[in-house]
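Remarks on the structure that follows.
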Amino acid sequence: MDYAQYVRATKGNTPVPQSEPVPGKDMHKNNAGAYSFKINKWQQLDRFLILGSVGGTYYASERSLTKTNLESIDECLREDAVRVINRIVELSESGRAPKNDPALLILAKASADANHRAVRQHAMNALPKIARTGTHLFHFVEYAKYFRGWGRNFKRGIANWYNEKSVQKLAYQLAKYKQRDGWSHRDLLRLSHPKANDPARNLLFQKVTHPEIALAPSDNTGTEFYRIADLVSIETDPGKAAELIRSHGVPRECVNTQLLNSRQVWEALLEKMPTTALIRNLGKLSSIGMTERYSEHSKRIVQQLMNSDIIQNARIHPITILGALKVYESGHGVKGALSWVPNREILEALNDAFYLAFKFVEPTQKRYFLALDVSGSMFGSPVNGMPGLDAATAAAAMAMVTLRTESDVILKGFTRSDSLWGSPKSHQDFSGITDLNISKRMLLDQVISTMQGLPFGGTDCALPMLWATKHKQPVDAFIVYTDSETWAGAIHPFEALKRYRDTMGIPAKLIVAGMSATDVSIADPSDAGMLDVAGMDSNVPQIINQFISGDI
């Protein structure tokens with residue numbers, strides 16, 4: 001029986017529960033045991049690149065999720081490896097992914113293509129575009145060792161990473177990112193044997209591979225920076241270290257660990273601290289008393305966090321800011337004994353920085369129903385390796401972007417209802433629809449606190465459409481933030497949308513914002529009025545608005 005026959009036979013009154021597949025639809029069992037639509041391998045590639053699988057989801061372990069993603073990625077590589085590599089570069093350079101590890105993992109896999117030399121070469125040529133820091137390079141090499149050995153092409157690609165940078169940028173990378181994952185620059189230089197094209201670069205290579213060599217003062221800014229960074233790494237006097245930091249812009253990673261509790265040193269570091277590093281070190285700055293309210297240091301920090309040009313140019317991912325806000329607001333680190341008293345001005349600045357990280361979004365003047373999955377799986381699903389940041393909180397923060405942009409918005413949370421959908425006249429229990437009591441005037445830390453206090457249960461992603469149908473609520477677009485692990489309902493979400501359209505006479509659209517890198521979706525891929533998006537990168541609000549407006 002195909003889907004049309006099924007609809008005629010049931011007269012649209014007897015839906016299939018989510019625990020069963022709909023006849024005539026290509027549906028697959030999700031991790032919760034119910035049936036959803038399986039996304040195609042290219043969509044799965046994007047989800048993995050943007051969302052990763054760090055921490056897994058509530059229903060799927062990290063290992064099994066990664067295995068599922070890699071199987072799909074293998075299919076993409078076999079079909080069109082060049083397209084895969086180009087997509088990796090596109091998403092990595094645009095800053096759409098909060099973590100670079102998925103891109104590095106897939107690039108390492110592509111670099112080991114045993115059948116196509118051109119693919120291996122294309123992958124290694126893309127390396128400098130994706131591995132933008134020394135840490136990225138170490139991650140790439142560590143991933144690659146599971147797929148390949150150190151062949152000629154691989155050595156040349158690593159050597160090019162060192163030779164393509166200016167001497168000044170190279171010196172900064174060599175000094176700041178010395179080692180990671182059991183690899184060091186000394187290891188990689190000795191294995192790849194890059195041929196230096198100028199004396200200053202050659203001197204840096206010699207110094208890294210032979211640390212006993214003493215660098216003399218030089219007019220070359222690159223070698224002089226490395227010399228000063230080397231001195232700072234062994235300096236024990238905070239005053240002398242602070243002077244060197246100020247004069248040459250030496251980063252925190254080069255400072256002698258004995259001085260990392262020195263306020264004098266941190267004051268020097270703060271003067272030229274990149275915004276990403278600033279966000280990462282807010283807790284430390286507060287713990288040593290540098291963020292008193294209305295102090296000059298606090299003013300500097302707030303001004304930097306609220307500068308839209310700085311935030312956009314630094315390509316800081318919104319989820320990075322959200323994770324930092326959650327940790328800073330808690331008053332203690334995720335690991336260790338570091339603690340601090342949060343500064344309200346800085347919390348408000350982080351709140352503004354979160355919205356500044358998104359590209360400007362024009363209001364559509366459409367009627368929105370924002371539906372946040374607040375089931376147990378959403379609170380159990382970490383977001384892309386961000387400690388303490390769950391999918392439910394990230395979804396609420398994402399919904400705030402729309403709530404602040406649009407004028408006609410319903411915002412509700414949903415879990416499941418305890419009674420089944422029968423005939424159109426039967427009673428439907430909507431106990432699973434929850435008023436979140438979140439307003440556009442709330443700050444993100446208030447939103448986070450609200451989400452943490454919610455009760456939760458099973459998942460029924462059909463509830464938003466069913467509720468809007470029962471209450472005759474006019475809606476142009478339903479946006480469902482979920483991990484797609486829906487299972488508790490008596491009707492599939494895509495059928496609930498069709499019933500809403502038929503009942504209300506409104507060609508409502510459905511956008512499913514996936515918050516985990518699973519391979520299923522509640523959106524019917526054959527319906528042009530349904531859209532899947534992944535994650536919460538800076539492009540998502542624009543994509544959603546363009547889809548709702550009919551521009552895409």
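The values are calculated or read from the model by the stated rules, or taken from the named source; none is laboratory data. Note that the structure is a prediction, hence the values are computed from the model and not measured. As a convention, Cβ positions derive from the backbone with ideal geometry for all residues, glycine included, and neighbour counts pool all protein chains shown.
Values for this structure:
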quantity: Residue match in the range 312-322 (condition: free of Cβ contacts under 8 Å to residues at least 24 places away in the same chain, surrounded by fewer than 16 Cβ atoms within 10 Å (Cβ to Cβ) and either small (Gly, Ala, Ser) or within 26 Å of residue 451 (Cβ to Cβ) (or both)); calculated: no
quantity: Test set (1) assigned to a loop (DSSP other than H, G, I, E, B); (2) on the phi < 0 side of the Ramachandran plot; (3) touching a residue at least 24 places away in the same chain (Cβ under 8 Å) - residue 337 fails condition number; calculated: (3)
quantity: Members of the range 347-381 that are aromatic (Phe, Trp, Tyr), surrounded by fewer than 20 Cβ atoms within 10 Å (Cβ to Cβ) and assigned to a helix (DSSP H, G or I); calculated: 355, 379
quantity: Members of the range 487-500 that are among the aromatic types (Phe, Trp, Tyr) and either under 29 Å from the mean Cα position of the chain (by Cα) or modelled with pLDDT under 85 (or both); calculated: 487, 494
quantity: Conditions (1) surrounded by 19 or more Cβ atoms within 10 Å (Cβ to Cβ); (2) farther than 24 Å from residue 97 by Cα; (3) at pLDDT below 95; number of the one not met by residue 208; calculated: (3)
quantity: Failed condition for residue 479, given (1) over 22 Å from residue 45 (Cβ atoms); (2) at pLDDT 70 or above; (3) touching an Asp or Glu at 6+ places or on another chain (Cβ under 9 Å); (4) surrounded by 24 or more Cβ atoms within 10 Å (Cβ to Cβ); calculated: (3)
quantity: Qualifying residue in the range 256-269 (condition: of a type outside the set (Asp, Glu), in a loop (DSSP other than H, G, I, E, B), more than 23 Å from residue 184 (Cβ to Cβ) and within 38 Å of the chain's Cα centre (by Cα)); calculated: yes
quantity: Subset of the range 270-317 [farther than 23 Å from residue 176 by Cβ, part of a helix (DSSP H, G or I) and among the hydroxyl-bearing types (Ser, Thr, Tyr)]; calculated: 286, 298, 308
quantity: Members of the range 196-211 that are over 36 Å from the mean Cα position of the chain (by Cα) and closer than 19 Å to residue 176 by Cα; calculated: 200, 202, 203, 206, 207, 210, 211
quantity: The range 524-552, subset at pLDDT 70 or above and part of a strand (DSSP E or B), residue surrounded by the fewest Cβ atoms within 10 Å (Cβ to Cβ); calculated: 532
quantity: Matching residues, the range 501-523, being at pLDDT 75 or above, out of contact with any Leu (no Cβ under 8 Å at 6 or more places or on another chain) and surrounded by 24 or more Cβ atoms within 10 Å (Cβ to Cβ); calculated: 513
quantity: Qualifying residues in the range 53-70 (those that are over 15 Å from residue 109 (Cβ atoms), in a loop (DSSP other than H, G, I, E, B) and of a type outside the set (Val, Ile, Thr)) - the one modelled with the highest pLDDT; calculated: 61
quantity: Residue within the range 191-203 that is surrounded by 18 or more Cβ atoms within 10 Å (Cβ to Cβ) and in a loop (DSSP other than H, G, I, E, B) present; calculated: yes
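Residue-by-condition table, conditions (1) without any contact (Cβ under 8 Å) to a residue 60 or more places away in the chain; (2) of a type in the set (Gly, Ala, Ser); (3) in contact with an Asp or Glu (Cβ under 9 Å, 6 or more places away or on another chain):
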| site | (1), (2), (3) |
| --- | --- |
| 213 | yes, no, no |
| 219 | yes, no, no |
| 227 | yes, no, no |
| 230 | yes, no, no |
| 235 | yes, no, no |
| 240 | yes, no, no |
| 246 | yes, no, yes |
| 253 | no, no, no |
| 257 | yes, no, no |
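A quick yes/no check of all residues on (1) over 24 Å from residue 389 (Cα atoms); (2) at pLDDT 90 or above:
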| site | (1), (2) |
| --- | --- |
| 282 | no, yes |
| 294 | yes, no |
| 297 | yes, yes |
| 310 | yes, yes |
| 318 | no, no |
| 327 | no, no |
| 339 | no, yes |
| 343 | no, yes |
